[in-house]
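**Student:** Below is the structure I would like to discuss, written out as structure tokens.
What follows is calculated from the coordinates using simple rules that are stated; it is not laboratory data. This is a predicted model, so every value here is computed, not measured. So basically every Cβ, Gly included, is an ideal-geometry build from the backbone, and we count neighbours across all protein chains shown.
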Amino acid sequence: MVDKDYSLERRLTYDGVVHHPLGGGSYVFQRNYVEYLARNISKQNLRISIGAQPNSSPHFGTLVVFNLAYALGKKISRGTIKPEIFFEIIDTAPSESVEIGGIDYQISLRYSNVANSCLGDYFELLDLLNSFSGISYTSRKQRDFNSEPEIPKILKNIVQNRDLIAPIIDPQNGLLRMRVACSDCGLTDKKGINTKYYDDRIESYCPEHKWFETYFEGESEKFEYNTPLRNLIRGIVYTRDNQNKEVPFEWLRVTGSDYAGYYQEQLLYKTASLLGISAHELPTIVYAPLVVDWSGAKLSKSLYLKQNAYKNLPQYLVNYKKFRDELGEKGAKKMFEEVSLWLEEPYRLFRDYSVYYFLEIFKND
Ligand SMILES: [Zn+2]
């Protein structure tokens, strides 16, 4: 929603001088940030986790996050740590929504097959970043994530504590937002309005095929969550892996800084603590700077797709496909070098960057 269209009124030009004022994180971690991260990793093999909902070509913000993950992998591998990139594909995100009887039902990307058609650009980007960094990658879809042996116990713990967790995870409605798609038609009660919870299963309602049960044990691969609940469950799975000496790797997460601060304090650290996991046990999260428009709002993929926003911006700022078409591999290399610099000089990392900053970087390409 645009509050007011300022486009025809006066515009400020910018002086092109980049300042890096120190304060908060950029003050404390202004030097040797990667060494700090490395000191907190105890296993040799490190999985650097990144995620995305593949409903279009990777948008520019995702490009920054993925570049940062690989740049971190490259820099941290100078010691004894052996990193790999681990791409968590969120193919359960909504593809279509339909309202039936006043309840919102969704069809996931995996049922609509949108996810598979968009993944090609993601793998191309990952391959390219692999060629720049020498760091390999693995990926998995939500079904594989949910098949992790710890999941049934975690689901049970969350369901048993839902009176504590749900009001935090869903402040609007206080619903747990744990759901399973109907196996006949793919319809999913998005908010879990009708969902019933038991100690060993949930019961879901499909308007066409009626009630069906899904057990935590043996059927966990079918579960889906909203983003905050998935963030919590993933955080706990990673914690358990990090603590388990039998698991030969350790997790670290890289994500966009729109998930930093208050979001994580409320939705991850507070809820994990209520479930018996201490905040210091949760895996480290490294936050990538946001790419923001002139007003300071992050570039939004859905605004671009649905409302034809940003038509005045160069199209390479929109998504990877357009970036690759306009700037090619040379542009991608430049992007990787820029993001690598943020780790070399970490006072550059704890801040956001406007589209004008990238216009300057790529102005001659
Ligand atoms: Zn159904």
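**Student:** Please find, within the stretch 164-200, the residue that is nearest to the ligand (Cβ to nearest atom) out of those that are part of a strand (DSSP E or B) and either in contact (Cβ under 8 Å) with a residue 40 or more places away in the chain or touching a Phe, Trp or Tyr at 6+ places or on another chain (Cβ under 8 Å) (or both).
**Tutor:** My answer is L187.
For (1) of a type in the set (V, I, T); (2) touching a residue at least 60 places away in the same chain (Cβ under 8 Å), each residue gets a yes or a no:
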{"residue": "A38", "(1), (2)": "no, no"}
{"residue": "I48", "(1), (2)": "yes, yes"}
{"residue": "V65", "(1), (2)": "yes, yes"}
{"residue": "L72", "(1), (2)": "no, yes"}
{"residue": "S77", "(1), (2)": "no, no"}
{"residue": "P83", "(1), (2)": "no, no"}
{"residue": "F87", "(1), (2)": "no, no"}
{"residue": "I90", "(1), (2)": "yes, yes"}
{"residue": "S95", "(1), (2)": "no, no"}
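**Student:** Can you confirm whether F212 is among the aromatic types (F, W, Y) and within 16 Å of the ligand (Cβ to nearest atom)?
**Tutor:** For F212, the condition - among the aromatic types (F, W, Y) and within 16 Å of the ligand (Cβ to nearest atom) - is met.
**Student:** Just to be sure I understand, how many residues within the stretch 222-245 are assigned to a helix (DSSP H, G or I), away from the ligand (no atom under 16 Å from the Cβ) and surrounded by 15 or more Cβ atoms within 10 Å (Cβ to Cβ)?
**Tutor:** Matching residues across the stretch 222-245 total 16.
**Student:** If you scan the stretch 15-34, which residues turn out to be more than 23 Å from K75 (Cα to Cα) and free of Cβ contacts under 8 Å to residues at least 12 places away in the same chain?
**Tutor:** D15, V17, H19, P21, G23
**Student:** For a quick check of your reading: which helices (runs of 4 or more DSSP H) sit entirely within the stretch 254-363 and have at least 2 residues that are in contact (Cβ under 8 Å) with a residue 12 or more places away in the chain and over 30 Å from V159 (Cβ atoms)?
**Tutor:** In the stretch 254-363, the matching helices (runs of 4 or more DSSP H) lie at 301-307, 320-344, 355-361.
**Student:** Still on this model: Consider the stretch 69-113. How many of its residues are more than 19 Å from K191 (Cα to Cα) and in a strand (DSSP E or B)?
**Tutor:** 8
**Student:** Among Y262, Y198, Y205, which is the only one that is touching a helix residue (DSSP H, G or I) at 6+ places or on another chain (Cβ under 8 Å) and not hydrophobic (A, V, I, L, M, F, W, C)?
**Tutor:** Going through Y262, Y198, Y205 in turn, just one is touching a helix residue (DSSP H, G or I) at 6+ places or on another chain (Cβ under 8 Å) and not hydrophobic (A, V, I, L, M, F, W, C): Y198.
**Student:** Right, something else. Being part of a helix (DSSP H, G or I) and in contact with a strand residue (DSSP E or B) (Cβ under 6 Å, 6 or more places away or on another chain) is the filter here, so list the residues in the stretch 16-65 that pass it.
**Tutor:** Across the stretch 16-65, the qualifying residues are F60, G61, T62, V64, V65.
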